[in-house]
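See structure below.
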Amino acid sequence: METLLSRIQSPQQLRELDRKLLPQLARELREQIVKTVAANGGHLASSLGVVELTIALHRVFKSPDDRIIWDVGHQAYAHKLLTGRQQEFSTLRQWKGLSGFPKRKESIHDIFDVGHSSTSVSAALGMAAAGDILASDDRIVAVIGDGSLTAGMAFEALNHAGHLKQKLVVVLNDNEMSISRNVGALSSFMSRKMTSDTFIRFKKDTEYLLSHIPGIGRDLVGIAKRAEESLKSFMTPGMLFEGFGFDYFGPLDGHNMDELAETLHNVAQIKGPVLLHIVTKKGRGYEPAEKNPPKFHGIGPFDALTGEIAPAAPDAPPSYTEVFGQTLIQLARDDERIVAITAAMAEGTGLKPFSEAYPDRFYDVGIAEQHAVTFAAGLATRGLRPVVAIYSTFMQRAYDQVLHDVCMQNLPVAFALDRGGLVGADGPTHHGAFDLSFLRSIPNMILAAPRDEHELQRLMKTALSVDGPFAYRYPRGKGTGVSTTGTITPIPVGEAELLREGSDGLIIAVGSMVRQALTAADVLAGEGVELSVLDARFIKPLDRDRILSLAGSVPFVMTVEENALQGGFGAAVLELFSDVGLQVPVVRLGIPDTFIEQGSQAQLYESLGLNADHIINRIRDILAVEKRQQSAG
């Protein structure tokens, strides 16, 4: 049976739809989003919360001529469905399918690539300024959530927008009720009427007339403005945004499409920057997500009828994230100096149990990675041992703070980099593919990667014993199943471990790739090829003596890493060989010089040659070349 949604293949068709049918369209959008995310996983609660807003935006603004920029992109599923991607929507977040985020190469309606928070206002302001230069009459809208507004970049953009006075609409989607106690009929009425042409003209005409009254005109204008501001501040939290130079309207009910459409139409006519504050409910229309928004923020496949996630197998090992969180609690029992810091990712980084066990030693700073790092530096100057747990991809945002505020002062801050390497369905904005490269070049930084969950525990202990910066990165997903219940002994800094001996070649692997290297060596041993396998553990400092002694006695060396090849672990080994003049053939396996799209981790490893089968085939090729050269000689 044909659905209403199936008839909407473009925003133009949406604008032509009878407004009485919009509630039905909203229901169908939610049904499709729940169905797809239940099958594929994804960001559910936030996308369900903005269905009415998305419909209203596309009814009022003429995308792509008008430009709608979504912050982060967690909430863009309804946008994708309304802009011609219904047929492909079942491939959301899948290998060679639709991205889970807005992507310019995917649709003309995706105006800006996103994935990290708090970029929308900056990008939108740049587009608005370009529109002035190009004499364009398009309209620019940035949609940003209250969580993203905690980041400094968003406030920098708001401040600049107020200074430039560009025509720009910023929609603040408040779904946490954090600054919106005054939602109701009066606030809604005021916001809609205060944005009308009649009111705006009346306001400007009154200001003009008052200002021209001889002698007292300027004083009267000041009194009138203070009265308006007092009324606004009493009714709404808008003074903050008015201080940035924005006209503020709201809060509005973000699920009332008629009110949203009317107000959006009105604010689009205002010259200068406008902030429209709306209040939405995460998970709207799907009861399990409404009851537990954090669980359904970013979720794997689940039962659409019940909202239940399939339980893990009884014998499944814990994830690296879980091991990190439980181990930090264990270490904190014996060391009162340990404090934990996260940037709005307490559950994602495994620190929720720590926050409950040690609430006075836990800090969630919001989406503010730069502040998190420098805040940790401040704690460290007072003798504490801060552990900053951040996804690898988000640590990129705080590079200068790591360099300038931690490493330059050689402060004992431990960085726990979750999701190091390829994360899967979230795609290029979330792969932690660059941390080994951007951290190993910083003086005083010690950098390591464990091959399994017990080694993670040992490196955590090592990091807290070092009087300087220490970063350890670990992958997304389940561990290898090794025991994590024994005594935790630190690993000496810079000490590699030889896991297998052989004279036919040397594989130096790090982190998640050690297991693949061992599997490959085991298979090749059955073919009569004996390889040494060295777990480097440390990217910086390298175990120079061990690596050089092994590399000097084999016909070739292979390095394997789940990181960009440029500036990564293999590059560090090449630099070592160059420094000492060791001439030995080196083959480096890792992530090439490109951004990697989404797909399962297994699919990505296969496509990039980062699994045991590809290691085996590369070594067979190397040995075949050696054999031909020997025969020719």
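The values are calculated or read from the model by the stated rules, or taken from the named source; none is laboratory data. Computed from a prediction, not measured in an experiment: that's the story for all the values here. Backbone-built Cβ (ideal geometry, glycine too); neighbour counts: all protein chains shown.
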If I filter region 133-152 down to residues being hydrophobic (A, V, I, L, M, F, W, C) and within 13 Å of LEU275 (Cα to Cα), which single residue comes out as surrounded by the most Cβ atoms within 10 Å (Cβ to Cβ)?
ALA142
Has region 285-294 got at least one residue that is modelled with pLDDT of 95 or more, at positive phi and either not aromatic (Phe, Trp, Tyr) or not assigned by TED's automatic domain parsing to the domain that holds LEU158 (or both)?
yes
Which pairs turn up if I take residues in region 610-626 that are outside any helix (DSSP H, G or I) and look for partners that are among the charged types (D, E, K, R) with beta carbon separation below 7 Å, at least 6 apart in sequence or on another chain?
LEU610/GLU562
Looking across region 234-267 at residues that are crowded, with 20+ Cβ neighbours inside 10 Å and of a type in the set (A, V, I, L, M), the single one that is farthest from VAL60 (Cα to Cα) is LEU252
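Check whether at least one residue in region 51-72 is at pLDDT below 95, crowded, with 24+ Cβ neighbours inside 10 Å and in the same structural domain as ILE108 (by TED's automatic domain parsing), and report yes or no. Spell out the reasoning first.
Kept after step one, since they are at pLDDT below 95, are these residues of region 51-72: 72.
So of that shortlist, the ones also crowded, with 24+ Cβ neighbours inside 10 Å come out as 72.
Next, from what is left, pick out any that are in the same structural domain as ILE108 (by TED's automatic domain parsing): 72.
There is at least one residue in region 51-72 that is at pLDDT below 95, crowded, with 24+ Cβ neighbours inside 10 Å and in the same structural domain as ILE108 (by TED's automatic domain parsing).
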Search region 499-516 for residues being aliphatic (A, V, I, L, M), in contact with a Lys or Arg (Cβ under 9 Å, 6 or more places away or on another chain) and closer than 20 Å to ARG544 by Cβ, and hand back the single one that is surrounded by the fewest Cβ atoms within 10 Å (Cβ to Cβ).
LEU499
Scan of region 353-396 for residues that are hydrophobic (A, V, I, L, M, F, W, C) and in a strand (DSSP E or B), ordered by number:
PHE362, VAL387, VAL388, ALA389, ILE390
In region 418-455, the residues that are part of a loop (DSSP other than H, G, I, E, B) and among the aromatic types (Phe, Trp, Tyr):
PHE434
Hey, does region 506-527 have a residue that's more than 21 Å from HIS614 (Cα to Cα) and outside any helix (DSSP H, G or I)?
no
All positions within region 115-124 that are crowded, with 22+ Cβ neighbours inside 10 Å and either part of a helix (DSSP H, G or I) or touching a strand residue (DSSP E or B) at 6+ places or on another chain (Cβ under 7 Å) (or both)
SER120, VAL121, ALA124
Just to verify a result, which residue in region 127-154, among those that are under 22 Å from the mean Cα position of the chain (by Cα) and either in a helix (DSSP H, G or I) or without any contact (Cβ under 8 Å) to a residue 60 or more places away in the chain (or both), is nearest to ASP426 (Cα to Cα)?
SER148
When you go through LEU351, LEU331 one by one, which is the residue that is touching a strand residue (DSSP E or B) at 6+ places or on another chain (Cβ under 8 Å), buried (at least 21 other Cβ atoms within 10 Å of the Cβ) and modelled with pLDDT of 95 or more?
LEU351
Are there any pairs with C-beta distances below 6 angstrom linking a residue in region 569-588 that is over 23 Å from ALA449 (Cβ atoms) and not assigned by TED's automatic domain parsing to the domain that holds LEU439 to a residue that is of a type in the set (A, V, I, L, M, F, W, C) and modelled with pLDDT under 95, with the two at least 6 apart or on different chains, and if so which?
none
Being under 29 Å from GLY300 (Cβ atoms), of a type in the set (A, V, I, L, M) and outside the structural domain of VAL423 (by TED's automatic domain parsing) is the requirement here; does LEU81 meet it?
yes
Are any residues in region 564-588 closer than 13 Å to MET513 by Cβ and of a type in the set (D, E, K, R), and if so, which ones?
ARG588
In region 570-593, is there at least one residue being among the charged types (D, E, K, R), part of a strand (DSSP E or B) and out of contact with any His (no Cβ under 9 Å at 6 or more places or on another chain)?
yes
Counting only residues in region 79-114 that are outside any helix (DSSP H, G or I) and among the basic types (Lys, Arg), the one farthest from ASN173 (Cα to Cα) is identified as LYS96
Limited to region 251-284, what total is found for residues that are more than 30 Å from ASP132 (Cα to Cα) and either part of a helix (DSSP H, G or I) or not assigned by TED's automatic domain parsing to the domain that holds HIS43 (or both)?
2
With ILE338, ILE299, ILE270 as the choices, which residue is more than 29 Å from LEU57 (Cβ to Cβ) and either of a type in the set (Val, Ile, Thr) or modelled with pLDDT under 95 (or both)?
ILE338
Do you know which residues across region 397-417 are surrounded by 20 or more Cβ atoms within 10 Å (Cβ to Cβ), touching an Asp or Glu at 6+ places or on another chain (Cβ under 8 Å) and assigned to a loop (DSSP other than H, G, I, E, B)?
PRO412
Every residue from region 62-88 that is touching a residue at least 40 places away in the same chain (Cβ under 8 Å) and closer than 19 Å to PRO23 by Cα:
GLN75, TYR77, ALA78, LEU81, LEU82, THR83, GLN86
Criterion violated by VAL183 - all others in (1) at pLDDT 60 or above; (2) assigned to a loop (DSSP other than H, G, I, E, B) satisfied:
(1)
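Residue-wise test of (1) under 21 Å from THR429 (Cα atoms); (2) over 17 Å from the mean Cα position of the chain (by Cα).
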{"position": "THR54", "(1), (2)": "no, yes"}
{"position": "LEU57", "(1), (2)": "no, yes"}
{"position": "HIS79", "(1), (2)": "yes, yes"}
{"position": "LEU98", "(1), (2)": "yes, yes"}
{"position": "LYS103", "(1), (2)": "yes, no"}
{"position": "PHE112", "(1), (2)": "yes, no"}
